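To start, the structure under review is shown below, and the notes come after it.
The values are calculated or read from the model by the stated rules, or taken from the named source; none is laboratory data. These numbers come from a predicted model, not from an experiment. When we count neighbours, we look across all protein chains shown, and the Cβ atoms used for this are built from the backbone with ideal geometry, even at glycine. These accessible areas exclude ligands, DNA and RNA; they are computed on the full protein's heavy atoms, side chains included. Shrake-Rupley method; radii C 1.70, N 1.55, O 1.52, S 1.80 Å.
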Amino acid sequence: IISYILGKTNKDIVVVDKSVPGYGSSWGNTGIIQYNSDMSIDEMAKRYGEKYAVDFYNLSLNAMKDLDKIVNELGEDVGYKPTSSLYLAKKAEDLPKMRENYEMLRKNDFPVVWISKDKLKTDYMLEAEGAIMTSSDAELNPFKTVHSIHKTNLERGIKIYKECEIIKIDEEEGF
């Protein structure tokens with residue numbers, strides 16, 4: 001994605017992949033893209049401060065909007081589909097922590113909804129104590145996305161090198 005964005009500039013851009021583009025982590029990726037981090041916003045706030053956590057989550061949410069634009073610019077079907085995600089509290093003791101996460105997301109205007117145990121059962125046929133539903137997430141085919149981006153990059157004159165490793169960068173002479 002960075003090569004795609006840089007490719008819009010008038011700079012000489014080179015992509016170097018140690019393997020074959022699209023066959024590394026992209027190949028094994030589920031293609032579920034979420035603005036939520038592996039670290040909940042409340043956890044992040046405790047560790048780094050609330051401003052940092054909120055800024056991080058806002059940047060992630062904005063990145064989701066940018067991804068939507070990029071995928072539409074590509075003009076190819078890469079399996080992109082906006083979606084929502086459910087984070088389930090399977091045990092009652094998980095509820096306070098999940099509720100704290102939900103409250104901080106809601107307080108900072110992130111797209112989030114609390115779903116009760118009863119609503120989970122009736123509307124989603126799920127057994128859990130409660131859940132957070134986030135929207136502004138997406139799913140896509142990572143392999144198709146990488147190849148569509150590289151196809152556009154090649155059309156823009158970007159050079160792509162596969163199965164190549166950068167060993168050293170000489171600031172005087174390049175790499």
Rounded percent of accessible protein surface that carbon and sulfur make up, the chain, 1.4 Å probe:
52 percent
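From Cα pairs below 8 angstrom and at least 6 apart in sequence, can you work out the relative contact order of segment 36-175, rounded to a whole percent? Working shown, then result.
Numbers: 148 pairs, mean separation 35.7, N = 140.
Contact order relative to length: 25 percent.
Roll a 1.4 Å probe over the protein chains and send me the accessible area per residue for the chain in Å².
Numbers: 11440 Å² over 175 residues.
Value returned for the chain: 65 Å² of accessible area per residue.
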Which of the lysines could a cross-linker bridge to K144, judged by Cα under 27 Å and excluding same-chain residues fewer than eight apart?
K8, K11, K18, K65, K69, K81, K159, K162
Quick check: Cα centre of segment 130-144 to Cα centre of segment 37-85, how many Å?
10 Å
Need one number: convex hull volume per residue for the chain, Cα atoms only, in Å³.
166 Å³
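For I2 and I160 in the same chain, what is the full-extension length gain: residue separation times 0.36 nm, less their Cα-Cα distance, in nm? Please report the intermediate quantities before stating the final value.
On the way: separation 158, 0.36 × 158 = 56.88 nm, distance 1.32 nm.
Length gained between I2 and I160: 55.6 nm.
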When the helix-only estimate is applied to the chain (DSSP H runs of n ≥ 4, each -39,500 (n - 2.57), divided by the residue count), what is the mean residue ellipticity at 222 nm, nearest 500 deg cm²/dmol?
-13500 deg cm²/dmol
Simple label model, 7 Å out from Cα along Cβ direction - I167 to R106, nm
5.8 nm
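Give me D for segment 14-101 in µm² s⁻¹, whole number, from Stokes-Einstein with Rh from the Kirkwood sum over alpha-carbon pairs, 4 °C and 1.567 mPa s.
Numbers: Rh = 16.0 Å.
Result for D is 81 µm²/s.
From the gyration tensor of the Cα coordinates in segment 85-157, what semi-axes in whole Å does the equivalent ellipsoid have, largest first, with each one equal to sqrt(5λ)? Mind dumping the intermediate values first?
Working: eigenvalues 264, 46, 19 Å².
Over the Cα atoms of segment 85-157, the ellipsoid semi-axes are 36, 15, 10 Å.
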Around S19, with a cut-off of 15 angstrom between Cβ atoms, what is the net charge of the other residues, counting Lys and Arg +1 and Asp and Glu -1?
-1
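Report the Stokes-Einstein translational diffusion coefficient (µm² s⁻¹, integer) for segment 50-126, Rh taken as the Kirkwood radius over Cα pairs, at 10 °C with viscosity 1.306 mPa s. Intermediate values should be presented prior to the final figure.
Details: Rh = 15.0 Å.
Translational D for this selection: 106 µm²/s.
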